[in-house]
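*Asks:* Below you will find the structure I want to go over with you.
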Amino acid sequence: MELDLEQIRKDLDELNTEIVDVIEERMDIVTRVAEYKDENDMQIVDEEREEIVKQKFEDIFQERDMPEGRGRELAELLIATAIDQEEEMLDRKIKR
């Protein structure tokens, strides 16, 4: 079977859209977390939880023979995006 670069790129583009859909779903859940934190007068940043999430991503990447450091980087990006959304929703700025 001959490889068709344009088809491969189309497949990647479709997958990228699916990834964004899942991230959007994740951000909907982040909204619920922010609402809970606001109602319970909690801080936006929870370093212990962040470390758990980062470790889980590392573990998943390692299980799938992917670079575990990249798993941590992906988790860090998702966490930063979530914090940005929570700050915006709750109109709180945190010091980093």
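The values are calculated or read from the model by the stated rules, or taken from the named source; none is laboratory data. Source: prediction; values computed, not measured. Positions of Cβ are generated from backbone atoms using ideal geometry, with glycine treated the same way; all protein chains shown enter the neighbour counts.
*Asks:* Scan region 1-58 residue by residue and report those that are hydroxyl-bearing (S, T, Y) and more than 14 Å from I83 (Cβ to Cβ).
*Replies:* Within region 1-58, T17, Y36 qualify.
*Asks:* Before we move on, is L90 exposed (fewer than 11 other Cβ atoms within 10 Å of the Cβ), at pLDDT below 95 and not polar (S, T, N, Q)?
*Replies:* Numbers: exposed (fewer than 11 other Cβ atoms within 10 Å of the Cβ): no; at pLDDT below 95: yes; not polar (S, T, N, Q): yes.
Here the answer is no, as L90 does not meet what is asked.
*Asks:* Looking only at region 37-60, count how many residues are surrounded by fewer than 14 Cβ atoms within 10 Å (Cβ to Cβ), in a helix (DSSP H, G or I) and modelled with pLDDT under 95. Even if it seems obvious, please write down each step before you answer.
*Replies:* Taking region 37-60 first, the residues surrounded by fewer than 14 Cβ atoms within 10 Å (Cβ to Cβ) are 39-43, 47-49, 51-52, 56, 59.
Narrowing further to those that are in a helix (DSSP H, G or I): 39, 47-49, 51-52, 56, 59.
From what's left, modelled with pLDDT under 95: 39.
Of the residues in that region, 1 qualify.
*Asks:* Are there any pairs with C-beta distances below 8 angstrom linking a residue in region 15-36 that is more than 15 Å from L90 (Cα to Cα) to a residue that is in a helix (DSSP H, G or I) and polar (S, T, N, Q), with the two at least 6 apart or on different chains, and if so which?
*Replies:* I23/T81
*Asks:* Also, I was wondering about something else. In region 67-84, which residue that is aliphatic (A, V, I, L, M) and surrounded by fewer than 17 Cβ atoms within 10 Å (Cβ to Cβ) is farthest from V22 (Cα to Cα)?
*Replies:* Pass one, region 67-84, residues aliphatic (A, V, I, L, M): 74-75, 77-80, 82-83.
Narrowing the set further to residues that are surrounded by fewer than 17 Cβ atoms within 10 Å (Cβ to Cβ) leaves 74, 77, 80.
Numbers: L74: 14, L77: 14, A80: 16 Å.
For region 67-84, the residue satisfying everything is A80.
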